[in-house]
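Reading through the structure tokens given below for one structure.
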Amino acid sequence: MICINNLTKVYKLTRKQMQEQKTKKNMKKAVDQLSLKAVPGEIYGLLGPNGAGKTTVLRCVATLLKPTDGSISVGGIDTLDKSEEIRKKISFLTNEIKLDPQFSAKYMFNFFGRLHGLDEAAINERREYLFNYFGIKGFEDKKIDELSTGMKQKASLAVSLVHDPEIVIFDEPTTGLDIVTARSVTDYLKLLKEEGKTIIISTHIMTEAEKLCDRIGIIIDGRLVMEGTLDEILKDTNTADLEDAFFELYKQNSREEACI
Amino acid sequence: MKNGTKNIIKKELTRVFTDKKLILSLFILPGVLIMVMYSIMGNLIDNMVSDIGDHVPNVYIQNSPEGLEDAIQAAGFKANINYLKASDETASVQDSIKAGDTDLLVVFDENFMDTIYAYSGNGDAIPEVKTFYNPSEEYSSTARDSFVNSALQAFRQTLLAERVGNVEQLQIFYIDKVPESSVVMDEGKATGKSLSMLLPFLINILLFQGAMSLGVDAITGEKERGTLSSMLLSPIKRREIVNGKLISLAILTSLSAVIYVVSVVIGIQNLQGGSMGDISKLRFSPVELVQLLTILLVLVYLFVAVVAFVAVHARTQKEAATYVLPMYIVVMLASIMTMFSGGADKGIKYFALPIYNSCLCIQNLLVGELTIQQYGLTIGTLALLAFLVSALVTKAFNSEKVMFNA
Ligand SMILES: Nc1ncnc2c1ncn2[C@@H]1O[C@H](COP(=O)(O)OP(=O)(O)OP(=O)(O)O)[C@@H](O)[C@H]1O
Ligand SMILES: [Mg+2]
């Protein structure tokens with residue numbers, strides 16, 4: 001279970017960042033008063049355009065960032081409280097976090113298994129299972145450096161699941177994957193859902209949100225502008241599909257760039 | 001030690017030791033370079049010394065008296081000798097000495113032997129031997145010293161014997177009949193003295209260099225590559241990650257330092273009869289050995305922590321290299337300062353200056369004059385500083401601003 005209460009995250013910008021973003025303010029409010037709840041046995045999808053604040057929200061949930069305001073509890077523990085306890089329960093996948101390129105997927109898997117306090121037998125069993133499922137077996141001994149983007153992504157995925165976590169936080173898990181691999185990832189997420197895990201993912205792919213997510217939160221400019229099942233969202237916006245609904249909401253909520 | 005720390009140390013060491021290129025660039029190449037550098041330096045000095053010994057001087061002798069040749073032979077003075085008659089011109093020979101082509105001109109008075117034999121007592125003439133040489137030429141002054149002290153001395157000795165019969169009567173006393181036995185020194189200490197100039201400096205900069213090249217890659221590099229955050233996601237305390245990083249870096253740095261120092265020693269040993277003395281003559285008592293090792297250990301940890309502190313705050317490896325350079329210069333300056341001033345007579349307060357104090361300590365240790373107060377103060381300040389800096393590194397690891405630019 002993930003509870004986000006009025007989360008606000010403000011980045012302090014360096015002078016260089018201010019120049020790059022052509023702003024005079026030295027603060028960037030990436031997430032604004034956002035609240036949501038993801039419960040066991042469901043896949044919650046955060047849908048939003050580039051720069052909406054999806055990654056920021058998920059990083060806060062994964063204890064890597066501290067909320068500027070508001071609070072987050074993961075599995076009943078506040079993220080500011082015992083972050084190690086939370087990290088035991090979660091899996092966090094994001095494309096900025098990478099595996100050491102000089103090691104093989106197998107070595108990395110074992111290493112993180114040990115950091116999670118698993119014994120060798122448990123690690124081996126888990127590795128057999130996950131490497132078979134994601135088709136990593138064939139290149140498990142190759143250095144990460146020598147793998148293709150998709151292979152790397154698969155390895156990261158498997159490694160992030162080494163400890164069979166009860167809460168899964170995936171930031172754009174299918175980006176960069178071919179449809180076959182993407183399908184195996186989404187299928188695995190459904191499997192995890194059936195096992196009663198709490199799953200939250202971010203995406204900007206409409207069909208993925210439609211097909212995979214039980215509930216969808218639409219985030220624009222750091223604010224959660226709508227939340228609900230696909231049907232609820234379509235009904236509320238009076239549209240026929242998610243893409244139309246998204247554009248409708250985008251028109252209403254996008255502050256500066258309202259002209260699109 | 002915590003399990004997380006242990007696992008990280010193991011991984012860090014594996015990373016380095018399974019990477020042939022890294023081993024080559026971190027350990028082997030610098031080691032070989034240092035060895036070659038010192039060998040060449042040693043050989044140059046060596047060549048200079050033996051070259052002078054091997055050189056056969058060119059000597060001109062005018063009016064050579066009878067019996068001189070025998071004396072030269074007897075004294076074992078080796079030279080290319082040209083004998084000149086009284087009528088020969090010596091100005092050109094003097095020019096040649098000035099130019100460094102000829103080493104020595106010896107001019108005996110005309111009728112040298114006659115004057116000597118004619119001597120009968122007070123007021124009679126005493127003949128002169130005049131030498132011309134060039135003190136600015138190593139070969140020339142060596143030839144002159146050698147000629148005067150061996151050949152001429154032997155020649156005079158024979159003439160004296162002829163004149164007074166019993167030379168011993170004139171000897172009155174001997175000075176150092178066996179010169180070797182008059183040298184009284186503790187070879188270990190003498191070696192220590194010469195080593196104590198160079199070694200603390202070398203140890204300091206080589207240790208820092210090792211920490212620098214390893215630490216920037218292991219911390220800024222990992223941050224840049226996005227692999228550090230994967231570790232931040234694991235359920236261990238940041239303190240454990242920092243410890244794992246620092247300890248593995250300290251191990252690798254120590255190893256590189258050992259390799260560098262051994263390379264220096266091998267390089268210097270190539271210098272025959274080395275001016276550095278024989279390092280195997282150095283003898284440490286067990287206590288001194290423990291003192292040396294603890295100083296080095298704390299020093300390594302401090303260097304590693306300092307480099308880590310800089311590395312963790314840098315965004316790119318290039319930036320880290322720029323930030324770490326001033327530190328390197330400070331370390332170098334502190335070490336150079338001790339090269340020219342001995343440590344033993346320094347007041348105790350100097351041993352509270354980190355880095356400078358470790359140099360002083362090693363100096364004093366090498367000559368066997370390190371007091372327990374000096375040692376204690378040094379270890380204390382170094383350890384305290386290392387602890388503070390590593391606490392700052394942990395703080396940086398806990399900061400989202402530092403780790404995620406957030
Ligand atoms: N480290 C940072 N420092 C300053 N500003 C940041 C930082 N990280 C993100 N931002 C800003 O915060 C906002 C939200 O970024 P975030 O990465 O959360 O967006 P996102 O929804 O994940 O976008 P995308 O779909 O492109 O991944 C953006 O405007 C971004 O410029
Ligand atoms: Mg993102």
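The values are calculated or read from the model by the stated rules, or taken from the named source; none is laboratory data. All of these numbers come straight from a predicted model, not from anything done at the bench. A quick note on method: Cβ atoms are made from the backbone with ideal geometry, for glycine too, and the neighbour counts reach across all protein chains shown. Side chains are part of the model used for accessible areas, which takes the heavy atoms of the whole protein and leaves out ligands, DNA and RNA. Shrake-Rupley method; radii C 1.70, N 1.55, O 1.52, S 1.80 Å.
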**Prompt:** Of these, B:Val287, B:Val264, B:Val300, which one is at pLDDT 85 or above, under 22 Å from B:Leu366 (Cβ atoms) and open to solvent by less than 10 Å² (accessible area, probe 1.4 Å)?
**Reply:** B:Val300
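For (1) outside any loop (DSSP other than H, G, I, E, B); (2) basic (Lys, Arg); (3) closer than 30 Å to B:Ala161 by Cα; (4) assigned by TED's automatic domain parsing to the domain that holds B:Gln157, each residue gets a yes or a no:
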{"position": "B:Ala71", "(1), (2), (3), (4)": "yes, no, yes, yes"}
{"position": "B:Ser87", "(1), (2), (3), (4)": "no, no, no, yes"}
{"position": "B:Val93", "(1), (2), (3), (4)": "yes, no, no, yes"}
{"position": "B:Thr115", "(1), (2), (3), (4)": "yes, no, yes, yes"}
{"position": "B:Asn122", "(1), (2), (3), (4)": "no, no, yes, yes"}
**Message:** Given the criteria surrounded by fewer than 16 Cβ atoms within 10 Å (Cβ to Cβ) and either more than 16 Å from B:Gln291 (Cα to Cα) or modelled with pLDDT of 90 or more (or both), does B:Ser341 qualify?
**Reply:** yes
**Prompt:** Within the stretch B:109-117, is there a residue that is at positive phi and over 43 Å from the mean Cα position of the chain (by Cα)?
**Reply:** yes
**Request:** Looking only at the stretch B:246-261, decide whether some residue is at pLDDT 90 or above and within 14 Å of another protein chain (Cβ to nearest Cβ).
**Result:** yes
**Message:** If a residue must be of a type in the set (Lys, Arg) and within 14 Å of chain B (Cβ to nearest Cβ), how many such residues does the stretch A:33-67 contain?
**Reply:** 2
**Complete:** So, first residue within 15 Å of B:Lys318 (Cβ to Cβ) in the stretch B:209-224, second residue at pLDDT below 90 and among the aliphatic types (A, V, I, L, M), Cβ within less than 7 Å, six or more apart or across chains; the pairs are B:Ser213/B:Leu26
**Item:** Candidate set: the stretch A:76-100, residues that are within 7 Å of chain B (Cβ to nearest Cβ) and either of a type in the set (A, V, I, L, M, F, W, C) or more than 16 Å from ligand 2 (Cβ to nearest atom) (or both); chosen: the one most open to solvent (accessible area, probe 1.4 Å)
**Value:** A:Lys88
**Fill in**
A careful count of residues in the stretch A:216-232 that are buried (at least 20 other Cβ atoms within 10 Å of the Cβ) and either under 21 Å from A:Thr174 (Cα atoms) or out of contact with any strand residue (DSSP E or B) (no Cβ under 6 Å at 6 or more places or on another chain) (or both) gives 6
**Matching entry among A:Phe170, A:Phe111, A:Phe131, A:Phe139 (being crowded, with 18+ Cβ neighbours inside 10 Å and within 12 Å of chain B (Cβ to nearest Cβ))** = A:Phe111
**Message:** Let me confirm something: among B:Leu325, B:Leu382, which residue is in a helix (DSSP H, G or I), more than 14 Å from chain A (Cβ to nearest Cβ) and open to solvent by 30 Å² or more (accessible area, probe 1.4 Å)?
**Reply:** B:Leu325
**Message:** Name the residue that is nearest to A:Asp119 (Cα to Cα), counting only residues in the stretch B:4-24 that are open to solvent by 30 Å² or more (accessible area, probe 1.4 Å) and in contact (Cβ under 8 Å) with a residue 60 or more places away in the chain.
**Reply:** B:Lys6
**Asked** Looking only at the stretch B:1-16, which residues are away from every other protein chain (no Cβ under 11 Å) and either over 12 Å from B:Asn243 (Cα atoms) or not in a loop (DSSP other than H, G, I, E, B) (or both)?
**Response** B:Ile9, B:Leu13
**Asked** Would you say A:Leu147 is crowded, with 16+ Cβ neighbours inside 10 Å, over 28 Å from B:Glu240 (Cβ atoms) and in contact (Cβ under 8 Å) with a residue 24 or more places away in the chain?
**Response** yes
**Request:** Quick one: count up the residues across the stretch B:124-155 that are β-branched (Val, Ile, Thr) and either assigned to a helix (DSSP H, G or I) or crowded, with 17+ Cβ neighbours inside 10 Å (or both).
**Result:** 3
**Prompt:** On the given criteria, is B:Ala311 within 16 Å of B:Gln209 (Cα to Cα) and either over 25 Å from the mean Cα position of the chain (by Cα) or modelled with pLDDT of 85 or more (or both)?
**Reply:** yes
**Prompt:** Based on what the data block shows, is A:Val225 away from ligand 2 (no atom under 16 Å from the Cβ), more than 15 Å from the chain's Cα centre (by Cα) and assigned to a strand (DSSP E or B)?
**Reply:** yes
**Fill in**
Being under 22 Å from B:Val324 (Cβ atoms), more than 9 Å from chain A (Cβ to nearest Cβ), open to solvent by less than 10 Å² (accessible area, probe 1.4 Å) and touching a Gly at 6+ places or on another chain (Cβ under 8 Å) narrows B:Ile241, B:Ile219 down to just B:Ile241
**Asked** Got a sec? Which helices (runs of 4 or more DSSP H) wholly within the stretch A:1-98 have at least 3 residues that are near ligand 1 (Cβ under 10 Å from one of its atoms) and within 19 Å of the chain's Cα centre (by Cα)?
**Response** A:54-61
**Asked** Is at least one residue of the stretch A:183-196 among the β-branched types (Val, Ile, Thr) and assigned to a helix (DSSP H, G or I)?
**Response** yes
**Message:** Out of everything in the stretch A:157-206 that is within 16 Å of ligand 1 (Cβ to nearest atom) and hydroxyl-bearing (Ser, Thr, Tyr), what residue ends up being nearest to the chain's Cα centre (by Cα)?
**Reply:** A:Ser202
